[in-house]
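For reference, the structure discussed in these notes is given below.
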Amino acid sequence: MMDVGNVILGSIDIVDFFQRVLVPVLMISGIGLFILVIQTRYGRIVDRIRTLNMERRELIKQTLIKRISKFEKIWNDNRLQCLQEQMAILLRRGKLLKDSLRFMFIVIFSSIASSLILFIEQITKAPLSSIVLSLFVFGIIMLFIACINVIKEVSNSYNAVIYDIDTYTPQKYLVKNKLDLLSIVKEKDN
């Protein structure tokens, strides 16, 4: 009868051992989904910057190489200015997301390190709980900062679209909006 009790207690210790060691690792799957979302947004911004930069170079080339009319030159200059404004917004957004990705990978590292230290603690019976707690808190702080960066990026994401739609378009072709979003964007920039 005692042997069965020791086996059950031993199996409970093993289950507790695995729970303690694997919980930080399980955080990684949730963080991985968040990274996937951030990476997708980051990739779209990088692609958009490349597209705008190609358009920018083509407009500059047209201005320098081809003989274009005065109106085309004015149009190109206005479009170039619009592209510069959009690219500035996109570069700020890209930096926020790049930093968020860095913070998220630090969270993954701290989760793996916490799990490894918990494993070492369980095997050696050394008191390493304060290190695990420190790593966990550090990881949560990094997660918080990454979330703040993503919130900032999302709140700025609409500005480049507004510039693309409304900036330097003849009055009769402007997109009508009730909120006058372009003036809101320009006020923020000033």
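Count of region 53-66 residues, restricted to those that are surrounded by 13 or more Cβ atoms within 10 Å (Cβ to Cβ) and over 12 Å from LEU83 (Cα atoms), is 2.
Condition check ((1) at pLDDT below 90; (2) surrounded by fewer than 17 Cβ atoms within 10 Å (Cβ to Cβ); (3) of a type in the set (S, T, N, Q)) across all residues:
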residue	(1), (2), (3)
MET2	yes, yes, no
VAL21	yes, no, no
LEU26	yes, yes, no
PHE34	no, no, no
THR51	no, yes, yes
TRP75	yes, yes, no
ARG79	yes, yes, no
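Is it the case that PHE105 is of a type in the set (Phe, Trp, Tyr), in a helix (DSSP H, G or I) and over 19 Å from ILE148 (Cα atoms)? Considered against the rule, which asks whether it is of a type in the set (Phe, Trp, Tyr), in a helix (DSSP H, G or I) and over 19 Å from ILE148 (Cα atoms), PHE105 comes out as no.
Screening region 112-142 for residues that are surrounded by fewer than 16 Cβ atoms within 10 Å (Cβ to Cβ) and of a type in the set (Gly, Ala, Ser) and picking the one that is farthest from LEU33 (Cα to Cα) gives ALA126.
The lone criterion from (1) loosely packed, with under 15 Cβ neighbours inside 10 Å; (2) modelled with pLDDT of 85 or more; (3) of a type in the set (A, V, I, L, M) left unmet by ILE145 is number (1). Any residue at all in region 103-111 that's surrounded by fewer than 16 Cβ atoms within 10 Å (Cβ to Cβ) and modelled with pLDDT of 85 or more? Yes, because at least one residue in region 103-111 is surrounded by fewer than 16 Cβ atoms within 10 Å (Cβ to Cβ) and modelled with pLDDT of 85 or more.
The values are calculated or read from the model by the stated rules, or taken from the named source; none is laboratory data. Bear in mind the structure is a predicted one, so any value in this text is a computation, not a measurement. Neighbour counts run over all protein chains shown; Cβ positions are idealised from the backbone, glycine included.
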